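Heads up: the structure comes next, in structure tokens.
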Amino acid sequence: MKSHTRVAVIGGGVVGCSVLYHLTKAGWTDVVLIERDQLTSGSTWHAAGGFHTLNGDPNVAKLQGYTIGLYDELERITGQSCGLHRSGGLLLADTPERMEWLKMAHARARYLGLETSLLTPSEAKQLLPLIEEKYFVGAMLDAADGNLDPYGTTHAYAKAAKMAGAEIYLKTPVTALARRSNGTWDVVTTEGTINAEHVVNAGGLWAREVGRMVGIELPVLAMEHMYLVTDDMPEVIEFNRERGHELPHAIDFKAEIYMRQERKGMVLGTYERACVPWSPRTTPWDFGAQLLEPDIDRIAPSLEIGYEHFPAMARAGIRRVVNGPFTFSPDGNPLVGPVQGRPGFWCACAVMAGFSQGGGVGLALSQWMVNGDPGFDVWAMDVARYGPWATRSYTNEKVRENYSRRFSIRFPNEELPAARPQQTTALYDVMLAAGAVMGDSWGLETPLWFAPPGVEPRDVVSFHRSNDFPHVKAECLGVRNAVGVTEIANFAKYEISGPGAEGYLSRLMTNRMPKVGRIVLTPMLNPAGKLIGDFTIARATPERFLVWGSSQAQIYHMRWFEAHLPDDGSVRLHRFDMGLVGLSIAGPRSRELLARLSDEDVSGTALRFMDHRAMDVANCPARVNRVTYTGDLGYEIWVAPEYQRRLYEKIRSAGQDLGLVHFGMRALLSLRLEKNFPTWYRELRPIYGAFEAGLDRFVDLGKPDFIGREAALAEKATGGKLRRVSFAVDASDADVLGDEPIWHAGKVIGWITSGGYGHYVDRSLAQGYIPTSLAEDLRQGAFEIEILGDRRNASILSEPLFDPAGARMRM
Ligand SMILES: Cc1cc2nc3c(=O)[nH]c(=O)nc-3n(C[C@H](O)[C@H](O)[C@H](O)COP(=O)(O)OP(=O)(O)OC[C@H]3O[C@@H](n4cnc5c(N)ncnc54)[C@H](O)[C@@H]3O)c2cc1C
């Protein structure tokens, strides 16, 4: 074993081997993989080897497409067979809702460059004669689906990496990790210690244990998973003989099963409701190539439906049942990337579909390590998307929920119930009493909308406009016509202070830092000029800045902030988490309301748009920002949590005769659409530049130095490839949800990032990205947006429909 290496990858499953291969491909060849036993000694050994492109997140779907395309390359480089069967796959819809979901997946596939087609039940039966047609309303064919040999594929990755110079140490368990003062890691194994600049946790079933070696508890849990292999089936033999090829894969959403041909029979796997975690606290180190006890009773409900839907399967004998464990994160997507607070320690774990995702994970991680950036949008699998609230028992509840819903539809307005409420503010019961329907915002219960008296506070889940529509409308009108109050505790809040704070923030952010008592809005860019943050920054004193951002990105941002902290101690960084909470009041009468709660001068000349002030509000020591995301006159009032209840009660009583309404996140998102405001995670993501996103006025290119400046200058000079635009859409009873294709002159030219109904302006609205060259096409109906399979006319809005001059914000 070497004494020093650039990267030590822990774990020789398909994911670790893919990371190793991709590191060599990216040019780092002084890399090693350390495996406890033999390659494929974890969940990889158990896998059924199926692969597909389907994923709820388009960016992950794209990476799955990349993974599947990679196998030919691996075989070519190494001569090692991956045992590929590219049979195509059918996704079978049993209800109109599921068919709508498939239509959306099909529409999205157009701009992802994936090859899918929609089929009638009889067309599906043509391809897969095992189907009992009457149970289905339609299907989608994904030509890329197939299966492979897990052992051969893992060895192909390993061989390709070794051919490029990587070393692999087998029978070498890693027992401890210790960080040296120079920032490198000592990787302690039973065979000696190797010093590494970077360590990758690809420990699969043991990822938690490897995480614990550096003092973290990763939100990952293994679940038992069963599939059965049938005896030879005459129907399969006949099909192969007649058609000369294999049967396609199939997913039956109703039965919650997947199936594919295996030799002359079939493999049938289930994601059963009564699912069971495996080794919920620790994974035994002596577990290896061994199976768990099968429990057919547990999967019987799925089998019963499956046997009705595929009668030939009921007649087939069962050759063997495989029960093996593999890992999931709470939302089912991998945990990838650098771990905040542990520089040089990276994750590539919780990969539940190693043969669909392993290549993409390896590509993303290797680019991230080599170039400092994954090179594309990996937010959906970034390990930083979870906060400290994602504890081991929380993870257990969420993973079970996710597993049992693996083939269920997640509606856009559907909030999943497991492990809730996890975090609440002091207003939780008050908000519920006011009719709040709550949603989960980064582990915190947050009001989505308010049901008036007599209306049940419950979402009817749908892809169409739903039961909340009139009530969200009433909230929006209440804000625009008078005043509304909403809870904003879920925002991310940080304090950055010290003598070096201004210089530090100036280097990180694109905008100039504000004067004391003032606020700026500012994007944050990576060196490639792509958006990695969007903040509101107030200067409280010359050396103290308060920073607000997106709740979901708190750990993501802390990781970046910490990585750029000067080491002279001149900058202090603090994430408030729930130590600072807030309420926002907005609407033309909000100033009158604030005036009733304070003896300060809050007139438009004393407390101007974009002012920040420390002042008493309703007796509470507060910090007030004169900004709101509604695009109206409004204020954010920030207090310590112990004051929030008093603040709310005083706002409520003082606002009664002003027409005060509650409004929730859904109204807030509708109001911001009317102003064409973008939102982090939808319009603002690391695949877009600041000018592409239309944030020009927040990028001060006159500043001599900030991260991403060179790239931003270049983007400004060329105009960028894409442009964020807002559309008015001729929708009927369904608005855009996000990720729909945008058509122009008969071709898909872009995609929607978000949208909904603008209740005050009474229009269906959307935002998305299109090629810059088309952004000037302002003709009515020049574009079409595909909503649930229908192409709807859409027209670019050159200015916001509400208050284009911004007079209301400044009044
Ligand atoms: C029954 C079943 C069916 C499946 N079917 C499919 C399928 O059809 N398609 C699909 O894509 N996926 C399938 N999967 C999931 C798939 O197996 C996983 O996604 C994949 O194996 C994850 O690979 P990994 O490399 O992350 O983890 P693992 O395969 O668990 O590998 C981790 C490796 O790390 C090593 N290791 C851990 N800790 C240490 C240490 N301290 N020191 C040294 N080495 C260490 C282990 O020995 C192991 O070899 C299935 C899984 C099961 C159980």
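Since every read-out is calculated from the coordinates, none of them should be taken as a lab result. Computed from a predicted structure; not experimentally measured. Every residue, glycine as well, gets a Cβ built from its backbone with ideal geometry; the counts of neighbours run over all protein chains shown.
List of remarks:
- Counting every alpha-carbon pair across the range 624-708, the share separated by more than 14 Å comes to 77%.
- Between helix 14-25 and the chain there is an angle of about 70 degrees, using the helix long axis and the longest principal axis of the Cα atoms.
- Taking the square roots of five times each eigenvalue of the Cα gyration tensor of the range 130-193, the equivalent ellipsoid has semi-axes of 46, 17, 13 Å, listed largest first.
- Cut-off 17 Å (backbone N to label point 7 Å along Cα→Cβ of Asp568), residues of the range 483-517: 497-508
- Computed across the range 235-314, the Kirkwood radius stands at 14.8 Å (inverse of mean 1/r, all Cα pairs).
- Ranked by how many other beta carbons lie within 10 Å on average, peptides 364-374, 409-419 from highest: 364-374, 409-419
- D by Stokes-Einstein for the range 227-274, Kirkwood Rh over Cα pairs, 37 °C, 0.692 mPa s: 290 µm²/s.
- The range 4-141 - share of DSSP beta bridges that are antiparallel (%, nearest 5): 65
- Global size of the range 47-178: 18.8, 61 Å for Rg and Dmax (C-alpha atoms, Rg to one decimal, Dmax whole).
- Summed over all non-identical Cα pairs, the Kirkwood treatment of the range 161-294 gives a radius of 19.1 Å.
- Quotient of Cα Rg and 2.2 N^0.38 Å for the range 461-527, N being how many residues it contains: 1.77
- For the chain, DSSP calls about 85 percent of its internal beta bridges antiparallel.
- Taking GluC sites (Glu not before Pro) across the range 170-238, the ones in a DSSP loop with at most 15 further Cβ atoms lying within 10 angstrom of their Cβ are Glu191, Glu217.
- The translational diffusion coefficient of the range 431-565, from Stokes-Einstein at 25 °C and 0.890 mPa s with a Kirkwood hydrodynamic radius over alpha carbon pairs, comes to 140 µm²/s.
- Inter-centroid distance (Cα atoms) of the range 419-488 relative to the range 347-395, Å: 32
- Radius of gyration over Kirkwood radius for the chain, both on Cα atoms: the Rg/Rh ratio is 0.97.
- Convex hull of alpha carbon positions in the range 1-118: directionally averaged projected area 9.7 nm².
- Kirkwood hydrodynamic radius of the range 648-807, Cα pairs, Å: 17.2
- Loop trypsin sites (Lys or Arg not before Pro), the range 273-369 (other Cβ atoms within 10 Å of the site Cβ: 11 or fewer; DSSP): Arg281
- Here the ratio of the Cα radius of gyration of the range 95-248 to 2.2 N^0.38 Å is 1.59.
- Estimated 222 nm signal from helices in the chain, with DSSP H stretches of n ≥ 4 weighted -39500 (n - 2.57), rounded to 500: -8000 deg cm²/dmol
- Rg/Rg_globular for the range 276-325, with Rg_globular taken as 2.2 N^0.38 Å and Rg from C-alpha atoms: 1.50
- Taking Cα atoms only, the orientation of helix 392-404 departs from the longest principal axis of the chain by about 60 degrees.
- On the principal axes of its alpha-carbon atoms, the range 257-372 has extents of 56, 29, 25 Å, going from largest to smallest.
- Hull-based mean projected area of the range 565-700, where the convex hull spans the alpha carbons, in square nanometres: 10.9
- Percentage of interatomic Cα-Cα distances in the range 717-811 larger than 21 Å: 30
- Cα pair count fraction exceeding 19 Å, expressed as % - the range 429-495: 40
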